[in-house]
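Shown next, in C-alpha cells, is the structure this report addresses.
The values are calculated or read from the model by the stated rules, or taken from the named source; none is laboratory data. For clarity, every value in this text was computed on a predicted model and none was experimentally measured. Neighbour counts are summed over all protein chains in view; Cβ atoms, including those assigned to glycine, are modelled from backbone coordinates with ideal geometry.
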C-alpha cells in the first residue's frame, strides 16, 4: 500500500494549486494603503497643532458655538425623517402585497424616481416651490403653511427633502425584507389562527421585518447625519453645515469632527450588522 | 459505434469505453472523511451507479475523477494510467452537474459548442457539431434558446449534450435528475440510458435515489461512509444484499426478531434456513421484503392489520405482531380488500429470509 | 435572498441581486386566491387607503418641485424685465452655453473618469475578497466599504484636505507642493471621489461575484477551458451587465455629488452641481433667476439617461445571477 500511496502523494503536491495567490495580497495591500492613509493622516492632523500634540480640537468641541444646537437639530431631523419614512412606506408596502398588487409597479416607480433628481436639483425645485408662497399665495391660508414648513427652528422642508432622498434606498431594503417573508401566507396563517387584520400585521409581519426595518432606518439615519447639500443651499444650519462653517476658521476642529462622524457611522453599522447576525442565526436554527 | 456522433476532428479516437479504477482512494475535509479507502473498478462501456446516502463520498469520488478535487492518497486510473497529475481542463471526462450549470449568457447551441470553441474549432464546425448533439438529445429546435427560456429537463438535456460534445471517454453524471419534477425525471432517466447504450460510453452516475440506480445501471455500487459496501447488478443487489445496510437502503425491509436454531433461525415458531453464516453473537432479527410476506385472513392469526396504503396493483399493509413488531406486506389489492384495518391475519414468511442481522431495535 | 439582509447594502444594486421579477410575478399570481370575508371592495379599499399617504406625500414633496423645475426652466423669473411667468427658452439656452457648458462637460468628464477607474479597481478588489477563504476578511472589507461608501460629503473632503491639502500631513511629509501637487485640481478631485466610489463598486459587484456559480467554472474546466479562457468567455460576459450597471450607478453618484466638491475645490474645477448652488444664491445675471432651474433640468436629463441604461442592465444581471 505504501508503495502505491507515496507516488500519488508526490503527484498531488505537485499539482494542487501551485500558483500562489499573490495578486490577492497585492490588491488588498494597495487598497488598504489607499483607504487607511487618509484616515490616519486626518487623525494625526487633528492633534498636530503648531505648538505640539494637542487634543484641543476634541476638548473644545462642546464649548464651540453652535455645536450642540446643530447637533440637536440634526438628531431631531433624523428621528423625524426615519419615523415619517417608515410610516409612509411600511403600510403602503404591506398593503400592496396583501390587497392591491396592481399598485405595486406604481410604488416601485415612485420609489425609484427620486434617484433621477440629484439633491441639488431637488433643492432647486423646492426653492422654486417655496417662492410661489410670497409670489402667488400671500393672501391665502396656504401661506401660513409655507411659513411653518420653513421654520428655522425645525425646518419641515428638510424632512421632506430627506425622506425623498432616502426613499429609494429604504424602499429597496424594505422590499427585499418583504420578499423574504411571504407576507400573504403569514397573514393568512395568522388570520386562520383567529388574529384580526391589524393584529396579524403587528404580531406576525412586523417582527419578521425587524432586520429590514433596522436596515432602512440605519441607511436613512446615515444619510441625514451627513446631508449637506439641501441644508446649506436652503440656508439652515444642521450639523454638517456647522462642520463646514467651522472648517473655514478652525481646520483642526473640522477634521476632528469629521473623524468623529466617521466613527459614529461605523458604530451604527456594526450595531446593525450584529443585530442582523443575531437574526440570521435565529432563523438558521429554527 | 454510433452514427449520431461522427468524429469531429477526423481522428478516430474511440468514444467511451475506458476502464476507470479507484484504488484505496482516501480524502478528508478537515475532520470529516469523505472517502475512506474506496476500491472500485468501472468496466468499459458500462453504466455504474454510485448509490448512497448524502455524505457517503459518492460525489467526492466523481469530482476527483473529473479533477475538481484532489485525493489525499490512493490512485485513480483511467485505462491503467494514473490521472492525478492531469489538470481538470485536460481530462477526458464529460460531466453533467446537478443543476444550473449551463452558461446563462450563451444559447443552447453555444453552450454545447463551448468546449469546441475552447479548443479553437471554427464556427462552421461548431455549428454543425452543436446541431448533431442537439438532435441527439432531442432538442434541435432549441438551438437559439437561452437557459432561462428552457425548462429544467431541457436544460439538463443540453448539459448532457455539452458533456458529450468533446467525445469524452468517460461520462460523469452528478445527480443530474434530482432537481427535476418526478415525471420529467422518469423520461430523462430512460433518455440517458438509451444514449449511454447507443454510445457505449463508460458512465458513472451518482445518485441517492435507489429506484433511479436500480432502473438505469448495469451495476450499482453502494457506498457508506466513504467505503464500498457492495457492487453488483441491480437484481442481485436487491435479492442478495451483502449487508443489512445495503438491504435496507435498497428497497423496503421489515425486521422481525428471531432465535438461533442450529444453522438456521426460528421465527414465529417456524424454522428457516439461512444463506451464509449467522452473526456470531447477540440476539437476531430476520430481514424480509414486503412482497415476500404472505397474509391470510385468520381470526386467531398473530398479525393485526394497523394500516393500509393503496399503491395501485398492490396494497401495502402494515401489521403488528404480538410483541409490537411492525411488518409490511404487499398484497394484490383484491386480496387486501379481505383484510380491513383492525382485522387479524396469519403471517407466512418466505422460506429463506433476505438476511439475518444483529438486533438493532 | 432569503437570508438575513446584508448589513451594508448601501446601494440599490447591493440589495437587489435576487430575482425581483420572479418574486413579483408569483405574488401577482397568488393575489386572486381569495380568503376574503368582508368582500373584495372593502379589502381593496383598505389597501388603497394604506398607500394613500405615500402617494400624497410623493405628489406634494416630489411632484411640486419637479413641476417647479420644468415650469421655471421655461419661464422668466420675477426679476426679468418682461415680468415673471412669461414663456421663454432663454434659461435653457443660457444653461448650455459658456461657463455653464464648461461646467457640464467637466462634471461629465469627472463622473465618467472616476466611475471607470472605480469599476476597474473595484472588480479585482471585490474578487480578492470573495475568493478569500478568511471569513473575517470578507466581513471587514464589506463593513468598511459600507462605511466608506457613506463617507461622502464633507467629512471626506476634510479628511483629504488634512492629508493631501496644502497643509496636509502627507503633503508636508513628502514635500509634494514642491513637485507641483495640488489637491484642488481635477486630479485631486478624482482621487477624493475614488475614495467613496471604489467601496460603492465593491458593494455593488460583490453580490454578482457571489452569484457566479462554482458549476460554471467547473463546467468550463470540464469543457477544456483554461483559467484565462474561463474569465474571457464565461465569467466576464456574465458579469458584464453587473459591471456596466455598477459603472452607471457610480457615474450617477459622482455626477450628483455636491458637498465634497463644494467644501474642497472652491472654483478651480467647475461642476454643474456647484453652478446650480451659485445660481440659487443669486449669483447670476439679472433676468436669469430661473437659470438654476434650467441647470437642474439638465442634470435631471442626464440622470434619467443614466437610469434608463442602468435599470435594464440590472434586470438582466438579476436574471442571470439569481
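Scanning segment C:158-169 for residues that are in contact with a helix residue (DSSP H, G or I) (Cβ under 7 Å, 6 or more places away or on another chain) and either without any contact (Cβ under 8 Å) to a residue 12 or more places away in the chain or facing another protein chain (nearest Cβ under 8 Å) (or both) gives C:158, C:159, C:160, C:161, C:162, C:163, C:164, C:168, C:169. Residues that are modelled with pLDDT of 75 or more and away from chain C (no Cβ under 12 Å) within segment A:128-142 are absent altogether.
Within segment C:199-239, the set of residues being under 30 Å from the mean Cα position of the chain (by Cα) and within 8 Å of chain B (Cβ to nearest Cβ) comprises C:213, C:233, C:234, C:237, C:238. For the residues B:298, B:281, the requirement of being loosely packed, with under 14 Cβ neighbours inside 10 Å and farther than 14 Å from residue B:355 by Cα singles out B:281.
Would you mind stating whether residue B:270 is under 14 Å from residue B:254 (Cα atoms) and touching a residue at least 24 places away in the same chain (Cβ under 8 Å)? No, not satisfied.
Out of contact with any helix residue (DSSP H, G or I) (no Cβ under 9 Å at 6 or more places or on another chain) and surrounded by fewer than 18 Cβ atoms within 10 Å (Cβ to Cβ): does that describe residue A:248? It is false that residue A:248 is out of contact with any helix residue (DSSP H, G or I) (no Cβ under 9 Å at 6 or more places or on another chain) and surrounded by fewer than 18 Cβ atoms within 10 Å (Cβ to Cβ). Within segment A:178-198, residues that are within 11 Å of another protein chain (Cβ to nearest Cβ) and surrounded by 14 or more Cβ atoms within 10 Å (Cβ to Cβ) have Cβ atoms under 7 Å from residues that are at pLDDT 85 or above and part of a loop (DSSP other than H, G, I, E, B) in these pairs: A:178/A:209; A:181/A:209, counting only partners at least 6 apart in sequence or on another chain. Look at (1) surrounded by 23 or more Cβ atoms within 10 Å (Cβ to Cβ); (2) under 26 Å from residue A:176 (Cβ atoms) and you find that residue C:235 fails only one, number (1).
Taking segment C:113-152 as the range and being at the interface with chain A (Cβ under 8 Å from one of its Cβ atoms), under 18 Å from the mean Cα position of the chain (by Cα) and assigned to a helix (DSSP H, G or I) as the test, the residues that pass are C:121, C:146, C:147, C:148. Does segment A:227-245 include one or more residues that are farther than 28 Å from residue C:296 by Cα and not in a helix (DSSP H, G or I)? No - not one qualifying residue is present in segment A:227-245.
Only a single criterion out of (1) out of contact with any helix residue (DSSP H, G or I) (no Cβ under 8 Å at 6 or more places or on another chain); (2) buried (at least 21 other Cβ atoms within 10 Å of the Cβ); (3) more than 26 Å from residue B:37 (Cα to Cα) is not satisfied by residue B:247, namely (3). Do we have any residue at all in segment C:101-116 that's touching a helix residue (DSSP H, G or I) at 6+ places or on another chain (Cβ under 9 Å) and within 18 Å of residue A:35 (Cα to Cα)? For segment C:101-116, residues touching a helix residue (DSSP H, G or I) at 6+ places or on another chain (Cβ under 9 Å) and within 18 Å of residue A:35 (Cα to Cα): present. For segment B:72-86, filtered to residues that are more than 7 Å from chain A (Cβ to nearest Cβ) and assigned to a loop (DSSP other than H, G, I, E, B), the residue that is surrounded by the fewest Cβ atoms within 10 Å (Cβ to Cβ) is B:80.
Here residue A:229 meets each of (1) more than 10 Å from chain C (Cβ to nearest Cβ); (2) in contact with a helix residue (DSSP H, G or I) (Cβ under 9 Å, 6 or more places away or on another chain) with one exception, condition (1). Counting only helices (runs of 4 or more DSSP H) that sit completely within segment B:97-166, those holding 2 or more residues that are more than 9 Å from every other protein chain (Cβ to nearest Cβ) and touching a residue at least 60 places away in the same chain (Cβ under 8 Å) correspond to B:123-136, B:152-164. Checked against (1) under 18 Å from the mean Cα position of the chain (by Cα); (2) assigned to a loop (DSSP other than H, G, I, E, B), residue A:152 passes all but condition (1).
Under 8 Å between Cβ atoms, at least 6 apart or on separate chains: pull out the pairs that start in segment A:142-163 with a residue that is over 16 Å from residue A:76 (Cα atoms) and end on any residue that is modelled with pLDDT of 80 or more and assigned to a helix (DSSP H, G or I). Between residues of segment A:142-163 that are over 16 Å from residue A:76 (Cα atoms) and residues that are modelled with pLDDT of 80 or more and assigned to a helix (DSSP H, G or I), the close pairs are A:146/A:130; A:148/A:156.
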